[in-house]
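S.K.: Let me give you the structure first, and then I'll get to my questions.
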């Protein structure tokens, strides 16, 4: 499969998001449609997803799609002035006029369809980081028979703002500059014998217990060898997938809202292709066969070296 049309679409989506984050956030209302954890829906969300949906319609017209936003939501929630703002931004990126009907069609493309391949879109993962001017990611992954098999993920603030796109092609992970042409293959093997282990966890308290990673690492007797780093968005998965970090730990959230697959599919696909392991906190498989909801309680993502040790510690803590 040729993944490059989706790489191009994600680059276009990032251009729109960067414009919003850098130049327009102070003028954009935070639309209050509830998204599980009450994160605001932004102009960037709708614009980025519409651009990605357009590319899927053109290049993968028979595939199914699960995505965070919808055309109905766009029309119902977003006021007329803001809808025009979204359409104008998409038009500038695509260098072509875009109507409201176009945007709605692209936002809803592939939904309610069953197919052998299902694309999963998170147009801006890490919304709070995006709004705060921190890290975020534009993510597209796909499932085959419920297994994350491929992904394109753009991380505009990766490596102190250098930015990068990570993608899976022929079962391997590659990295490109965000707006450049140099390509290099990346693997987790670069972290087999680091001088310091790195664990990544969510920046926001609302997403995970801020002390979860510390608790697990203490139980596993891995402190102080491991440094814990807070990172917004699915970029955490990319860091593990390419060997910049070693583990991501998320314990059960105690009755809080269900995990959604668009927050994980692209990241898990990168980790698996990079040679890593992604399971529930207790070592059980992640289940991407239940539609938009992910029934698992937590996450344990690693390069594989210490995975069983981390799982045993997490089980003990939860028990």
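S.K.: If we scan the range 76-85, do we find a residue that is touching a residue at least 24 places away in the same chain (Cβ under 8 Å), within 21 Å of the chain's Cα centre (by Cα) and closer than 24 Å to residue 261 by Cα?
M.R.: Narrowing the range 76-85 to residues touching a residue at least 24 places away in the same chain (Cβ under 8 Å): 77-79, 82, 85.
If we keep only those that are within 21 Å of the chain's Cα centre (by Cα) as well, we get none.
No, there is no match, as no residue in the range 76-85 is touching a residue at least 24 places away in the same chain (Cβ under 8 Å), within 21 Å of the chain's Cα centre (by Cα) and closer than 24 Å to residue 261 by Cα.
Residue-by-condition table, conditions (1) over 21 Å from residue 123 (Cβ atoms); (2) in contact with a helix residue (DSSP H, G or I) (Cβ under 9 Å, 6 or more places away or on another chain); (3) at pLDDT 95 or above; (4) outside the structural domain of residue 140 (by TED's automatic domain parsing):
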site	(1), (2), (3), (4)
253	yes, no, no, yes
289	yes, no, yes, yes
298	yes, yes, no, yes
305	yes, yes, no, yes
308	yes, no, yes, yes
314	yes, yes, yes, yes
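S.K.: May I pose another question? Quickly run through the range 127-144 and pick out the residues that are in a loop (DSSP other than H, G, I, E, B) and modelled with pLDDT of 95 or more.
M.R.: Step one: list which residues in the range 127-144 are in a loop (DSSP other than H, G, I, E, B), which gives 132-136.
Once the filter is applied, which keeps residues that are in a loop (DSSP other than H, G, I, E, B) and modelled with pLDDT of 95 or more, the range 127-144 yields only 136.
S.K.: Scan 141, 129, 133, 146 and give me the residue that is within 19 Å of the chain's Cα centre (by Cα), outside the structural domain of residue 264 (by TED's automatic domain parsing) and crowded, with 24+ Cβ neighbours inside 10 Å.
M.R.: Numbers: 129 fails: crowded, with 24+ Cβ neighbours inside 10 Å; 133 fails: crowded, with 24+ Cβ neighbours inside 10 Å; 146 fails: crowded, with 24+ Cβ neighbours inside 10 Å.
Going through 141, 129, 133, 146 in turn, just one is within 19 Å of the chain's Cα centre (by Cα), outside the structural domain of residue 264 (by TED's automatic domain parsing) and crowded, with 24+ Cβ neighbours inside 10 Å: 141.
S.K.: Also: Tell me, please, whether a residue that is part of a strand (DSSP E or B) and under 15 Å from residue 117 (Cβ atoms) can be found in the range 152-161. Lay out the reasoning, then the answer.
M.R.: Within the range 152-161, the first condition is being part of a strand (DSSP E or B), and the residues that meet it are 152-155.
Remaining after also requiring under 15 Å from residue 117 (Cβ atoms): 152.
So far as the range 152-161 goes, yes, one or more of its residues are part of a strand (DSSP E or B) and under 15 Å from residue 117 (Cβ atoms).
S.K.: Another question, then. Hey, residue 83 hits all of (1) assigned to a helix (DSSP H, G or I); (2) modelled with pLDDT under 95; (3) touching a helix residue (DSSP H, G or I) at 6+ places or on another chain (Cβ under 6 Å) but one; which does it fall short on?
M.R.: (3)
S.K.: Among residues belonging to the range 60-75 that are part of a loop (DSSP other than H, G, I, E, B) and in contact (Cβ under 8 Å) with a residue 12 or more places away in the chain, point out the one that is farthest from the chain's Cα centre (by Cα). Reasoning before the result, please.
M.R.: Going through the range 60-75, the residues part of a loop (DSSP other than H, G, I, E, B) turn out to be 60-63, 68-70.
Add one more test, that the residue is in contact (Cβ under 8 Å) with a residue 12 or more places away in the chain, and what stays is 60, 62-63, 68-70.
On the way: 60: 20, 62: 23, 63: 20, 68: 11, 69: 14, 70: 18 Å.
Step by step, filter the range 60-75, then rank; the result is 62.
S.K.: Can you tell me how many residues in the range 99-115 are outside any helix (DSSP H, G or I) and touching a residue at least 40 places away in the same chain (Cβ under 8 Å)?
M.R.: Residues meeting the conditions: 6.
S.K.: In addition: Does the range 116-126 hold any residues that are in a strand (DSSP E or B) and surrounded by 24 or more Cβ atoms within 10 Å (Cβ to Cβ), and which are they?
M.R.: Those that are in a strand (DSSP E or B) and surrounded by 24 or more Cβ atoms within 10 Å (Cβ to Cβ): 119, 120, 121, 122, 123, 124, 125.
S.K.: Could you please let me know if residue 8 is surrounded by fewer than 17 Cβ atoms within 10 Å (Cβ to Cβ), assigned to a helix (DSSP H, G or I) and modelled with pLDDT of 90 or more? Write out each step before concluding.
M.R.: Working: surrounded by fewer than 17 Cβ atoms within 10 Å (Cβ to Cβ): yes; assigned to a helix (DSSP H, G or I): yes; modelled with pLDDT of 90 or more: yes.
For residue 8, the condition - surrounded by fewer than 17 Cβ atoms within 10 Å (Cβ to Cβ), assigned to a helix (DSSP H, G or I) and modelled with pLDDT of 90 or more - is met.
S.K.: While we're on this one: Residue pairs, Cβ under 7 Å, 6 or more apart or interchain, first in the range 307-319 and closer than 9 Å to residue 282 by Cβ, second part of a helix (DSSP H, G or I). List them.
M.R.: 314/216
The values are calculated or read from the model by the stated rules, or taken from the named source; none is laboratory data. Treat the numbers as computed from the prediction; the structure is a model and nothing was measured. Glycine also receives a Cβ, built like all others from the backbone with ideal geometry; neighbour counts cover every protein chain displayed.
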